[in-house]
Each structure stands twice: as C-alpha cells, then as structure tokens.
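The values are calculated or read from the model by the stated rules, or taken from the named source; none is laboratory data. What you are looking at is a predicted structure, and each value in this text was computed from that prediction instead of being measured. Cβ coordinates were reconstructed from backbone atoms using ideal geometry, including for glycine residues, and neighbour counts include every protein chain displayed. The protein model used for the area step is the full one, side chains on, heavy atoms only, and it has no ligands, DNA or RNA in it. Shrake-Rupley method; radii C 1.70, N 1.55, O 1.52, S 1.80 Å.
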Amino acid sequence: MAGATAPLLGLQKKSLREQALAALRAAITSGELEPGRHLVETELSEMLQISRGTLREALRQLEQEGLLSAGPRGRLSVRHLDAKEIRDIYSVRAALESLAARTLCELPDRQHVISSLKTAIEAMAAAEKSSMQDRVESDLEFHRTMCRLTGNETLLHSWEALEGSIRMSIMFAGQEKGVRNMSVDRHYDIVAAIETGDATLARNTIREHMDTAAANLVA
C-alpha cells in the first residue's frame, strides 16, 4: 500500500472513527483501494494513525454499507460486483424510488417537493466541473432527497442501505460510464413527471431511468 494518496494519509484527532470512515470510503470509491483488495489491519491502522479498535469499527460500518465483503476466516476485502449484482441493485432501487415517486405524486401540495428536487439538480450541475467523488455525492443526494421528502423513514433507510452498493457499481463501470448516468436532463425528467402528479408516469420514468443506468454500467 505504498504511495497512498491523500485520503489515507493520517487523520486529525477529532472524530477519528468518522474520519477513518470518510477516508476509507473515498479510497474505495476512487479506486485507490481497488475491488478485490484484501485489507490488512496493521497497515491501515498505521497509515491512518488510529488504533486497530477504531479501525475495526470503521471497517464494520463499511461492510454494512456494502463496500467490503468478508471472505474465509472473516478476512475483509474491497467488494467486487458482477453484472448480475449490479442489475439486482438497480432493480431494488427502481422499486424503492418508484414508491417514492408515487408517494410524492399523491401529495396535495407538491411545490416544496419540486423546489427541493430542482435545488438538488442545480447542485448536480454545479458539481459537473468538480471531482468524480463530488459528482457521485451530488447524484446520490438527489435520489436521497426524493426518498426523504416522502416522510417514509423505512423507505429512506432502505434506500440508504444501498448507497455503498451503488458506489461500488460506479467503480465497477468506471468513470466514463458513471458520468453518463449523472446527466442533469435525465434527472429533470424525473422531476417533471412528479410535478404532473401522474403516479404512473412518475413510476415509469423512474424505472426507465434505473433500467438505462444499469444497462449502461454493465455494457
């Protein structure tokens, strides 16, 4: 793990676990820690300048997020997705976000919803000139916002449980394919469908969005 880049070069004393999580998550989603890579606790704890106990807490969280997988004797490695797993992830996303879209369509007053979603898209547009990590985060924030605005906490928690897997699916495909799925226009289509209040149109728009995204990632 020689020559590690900034995300893995030491941490400040404040909230070491959270900083370790952020650094490791960034290293994984940027490809610094590539899919299939076995993680050695002694090396990581020394590099991050944290105790092995704190490191293990962070690694457990990343495993729950779907960024790491456990092999024989519980040895952790960076998760590697195959094409079927990506299709499965986006199929579940489609179901969750279709429910979100339908719920939002049923609201008697959707103006605050539309305003919030358009603000999230504006953030996506602003991130187009930023790093890949910022683009991924702004894209995820749009979809997270859509789920959060439903007021359905179970739906939101279910969606958030997929975040790690979504990030790994982008890693699997590579930056060029990942960026294609972050088109601002494609996300405005979702907002426009919700704004009509037509639940069927909104669900179909979401499903088409997810089907196209999955096909693009595994192409």
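Here are a few things to note about the model shown:
- Looking only at residues of the stretch 171-183 that are surrounded by fewer than 16 Cβ atoms within 10 Å (Cβ to Cβ) and in a helix (DSSP H, G or I), we find that the one that is modelled with the lowest pLDDT is GLN175.
- Selection from the stretch 197-207 of residues that are part of a helix (DSSP H, G or I) and either in contact (Cβ under 8 Å) with a residue 60 or more places away in the chain or surrounded by 15 or more Cβ atoms within 10 Å (Cβ to Cβ) (or both): ALA199, LEU201, ALA202, ARG203, THR205, ILE206, ARG207
- Selection count, the stretch 94-126, where residues are assigned to a helix (DSSP H, G or I) and surrounded by fewer than 18 Cβ atoms within 10 Å (Cβ to Cβ): 13
- Evaluation of ALA192 against (1) farther than 22 Å from LEU33 by Cα; (2) open to solvent by less than 30 Å² (accessible area, probe 1.4 Å); (3) of a type in the set (A, V, I, L, M, F, W, C) (one fails), failing number: (2)
Yes/no matrix, rows are residues, columns are (1) in contact with a Cys (Cβ under 7 Å, 6 or more places away or on another chain); (2) surrounded by 13 or more Cβ atoms within 10 Å (Cβ to Cβ); (3) within 19 Å of ASN216 (Cβ to Cβ):
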{"residue": "SER91", "(1), (2), (3)": "no, yes, yes"}
{"residue": "LYS129", "(1), (2), (3)": "no, no, no"}
{"residue": "GLU141", "(1), (2), (3)": "no, yes, no"}
{"residue": "LEU149", "(1), (2), (3)": "no, yes, no"}
{"residue": "LEU155", "(1), (2), (3)": "yes, yes, no"}
